[in-house]
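The values are calculated or read from the model by the stated rules, or taken from the named source; none is laboratory data. Since the structure is predicted, the reported quantities are computational estimates derived from the model, not experimental observations. Cβ sites come from the backbone with ideal geometry, for glycine too, and all protein chains shown count toward neighbours.
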Amino acid sequence: MPEKTVYLERINAKAPVDNVLYRMGYKKGKTVLPEQQQKKINDAINLGDILCDLKGAYLFLKITSKSGNSVRLENGVIIESIQVTELFKTSSDVLLMASTAGAGIVERRDLEMKAGNNSLGVILDAVGSETADTGLDWMQEFLAAQLAKKGRIITRRFSPGYGDLKIECQKVIYDTLNLSKIGISISDRFLLTPEKSVIAVAGVS
């Protein structure tokens, strides 16, 4: 496993259309759209794909100790979460990951919303969110395939702000991965910019 952070300046992956539609509230097999409306939605999704600039970063770190509610990593970072500790109960390493869809799609979404094109803005927002998640999916699937050759597995991922993993954890992961290298910044409230950026952790057994 790489001992340094790996930066991916271009991830060639697109958000699945079904995922984008689901995020917008459409249910496969239940929501029926007129052909003309479906074409407009597809065109908007294609525009969103073009506007996205998908990048990522990942790093493996060894787990040095575990307690009932925290995991300590080799660089001294402590992840405090009962749920994450339970998820990593058989793990010897942690995979830190981040993905961003870039600023372009957020800027265009805001312009469309300001101009009153709310429908297009909503679709672009959904594409941006799903594209950022797709970046994590791509990395996790790629790395899982590599580790499987060595008989190792990756757990499901967990993001700060979900469950009992506090949003403050974004800062320590951000700093560890040095995410400014792929154009991500973090606020005093631990929010990421560009908005369509995500951070996650997973265990490696």
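The number of residues in the range 50-71 that are more than 17 Å from E3 (Cα to Cα) and either touching a residue at least 24 places away in the same chain (Cβ under 8 Å) or surrounded by fewer than 22 Cβ atoms within 10 Å (Cβ to Cβ) (or both) comes to 12.
To keep it simple, each residue is scored yes or no on (1) touching a residue at least 60 places away in the same chain (Cβ under 8 Å); (2) among the polar types (S, T, N, Q); (3) outside any loop (DSSP other than H, G, I, E, B); (4) surrounded by 16 or more Cβ atoms within 10 Å (Cβ to Cβ).
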residue: K150; (1), (2), (3), (4): no, no, no, no
residue: R156; (1), (2), (3), (4): yes, no, no, no
residue: Y162; (1), (2), (3), (4): no, no, no, no
residue: L165; (1), (2), (3), (4): yes, no, no, yes
residue: V172; (1), (2), (3), (4): yes, no, yes, yes
residue: T176; (1), (2), (3), (4): yes, yes, yes, yes
residue: K181; (1), (2), (3), (4): yes, no, yes, no
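Residues in the range 69-82 that are touching a helix residue (DSSP H, G or I) at 6+ places or on another chain (Cβ under 7 Å) and under 19 Å from G163 (Cα atoms): N69, S70, V71, I79.
Here E112 qualifies as surrounded by 15 or more Cβ atoms within 10 Å (Cβ to Cβ), without any contact (Cβ under 8 Å) to a residue 40 or more places away in the chain and of a type in the set (D, E). With respect to being part of a helix (DSSP H, G or I) and closer than 29 Å to R10 by Cβ, L124 fits the description. Here G163, G151 are screened, and the one residue that is over 15 Å from L96 (Cβ atoms), of a type outside the set (S, T, Y) and modelled with pLDDT under 95 is G163. Just so you know, in the range 83-109 the residues that are among the β-branched types (V, I, T) and surrounded by 14 or more Cβ atoms within 10 Å (Cβ to Cβ) include one that is farthest from P194 (Cα to Cα), and it is T85.
Looking at the structure I just gave you, is L136 surrounded by 16 or more Cβ atoms within 10 Å (Cβ to Cβ) and either farther than 30 Å from A44 by Cα or over 15 Å from the mean Cα position of the chain (by Cα) (or both)? In short, no.
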